[in-house]
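The structure appears below as structure tokens.
The values are calculated or read from the model by the stated rules, or taken from the named source; none is laboratory data. Worth saying up front: this structure is predicted, and the values here are computed from it rather than measured. No Cβ is skipped: glycine too gets one built from the backbone with ideal geometry, and neighbour counts run over all protein chains shown.
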Amino acid sequence: MTNQSADQSPILAEMFRHNLWANLTLIDFCATLPDEILETNVPGTFGGIRETLTHLAGAEERYLPALVGGPDRRNPALEETAPDLATVREHARQSGEGLVAYTEAVEGDPTLRVTWRGQSHEMPTSLFLVQAINHATEHRAQIKTALTQAGIAPPELDGWTWDRQKSEQGR
């Protein structure tokens, strides 16, 4: 038996650990690719690979202050400056670790007040966290599609691969 409150969910934190691993694995993989590949844009996806990775990291940075309260602490220029992938990775790491910490500590399903497209909304935290996972998964899939269209086999980012790598690393 753990010391976790009945209202806390170690399962949810584990899902965000996978999300963080998948984001960093994909960024690390893409960091090895030439710029012309990183600009690959496939119809039906968000944009180029680098642009989509930057958007993904920027979105997760925006999610965190909405969850923990307080001012938006992100660098407002991240998505506007075309940062290098090392910078994108650092932003993704910090916000991903913040999301893991939040999901380790949250109790129950508190109501959030968020502003989206200029309008204030109230929603359960669970809905917001579902959106965070879905958003990341969707954009990683788009990037993998773009990589495949560019003739590059993308990394496996599924839960089985993540678990196998954790086991191999003794975690």
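I'm told ALA86 meets every condition in (1) modelled with pLDDT under 95; (2) part of a helix (DSSP H, G or I); (3) surrounded by fewer than 18 Cβ atoms within 10 Å (Cβ to Cβ) except one. Can you identify the failing condition by its number?
Checking ALA86 against (1) modelled with pLDDT under 95; (2) part of a helix (DSSP H, G or I); (3) surrounded by fewer than 18 Cβ atoms within 10 Å (Cβ to Cβ), the one that fails is (1).
Just checking, which of SER95, SER126 is hydroxyl-bearing (Ser, Thr, Tyr), surrounded by 16 or more Cβ atoms within 10 Å (Cβ to Cβ) and either touching a helix residue (DSSP H, G or I) at 6+ places or on another chain (Cβ under 6 Å) or touching a residue at least 12 places away in the same chain (Cβ under 8 Å) (or both)?
Checking each option against the conditions leaves just SER95.
Restricting attention to region 140-148, does a residue exist that is closer than 17 Å to THR52 by Cβ, in contact with a Ser or Thr (Cβ under 6 Å, 6 or more places away or on another chain), among the aliphatic types (A, V, I, L, M) and not in a loop (DSSP other than H, G, I, E, B)?
yes
Taking interchain pairs and intrachain pairs at least six residues apart, which have beta carbon atoms under 9 angstrom, with the first residue in region 43-63 and without any contact (Cβ under 8 Å) to a residue 24 or more places away in the chain and the second acidic (Asp, Glu) and in a loop (DSSP other than H, G, I, E, B)?
ARG62/ASP72
Somewhere in region 40-52, is a residue over 12 Å from LYS144 (Cα atoms) and of a type in the set (Gly, Ala, Ser)?
Within region 40-52 (the criterion being over 12 Å from LYS144 (Cα atoms) and of a type in the set (Gly, Ala, Ser)), the answer is yes, since at least one residue qualifies.
Could you please give the count of residues in region 100-121 that are assigned to a strand (DSSP E or B), at pLDDT below 90 and farther than 17 Å from GLU61 by Cα?
Total meeting the criteria: 3.
With GLN165, GLN119, GLN142, GLN169 as the choices, which residue is within 25 Å of THR32 (Cα to Cα) and exposed (fewer than 12 other Cβ atoms within 10 Å of the Cβ)?
The conditions single out GLN169.
For region 8-39, enumerate the residues that are in contact (Cβ under 8 Å) with a residue 24 or more places away in the chain, closer than 14 Å to THR148 by Cα and part of a loop (DSSP other than H, G, I, E, B).
LEU33
Going through LEU127, LEU157 one at a time, which residue ends up being hydrophobic (A, V, I, L, M, F, W, C) and over 17 Å from LEU20 (Cα atoms)?
The unique qualifying residue is LEU127.
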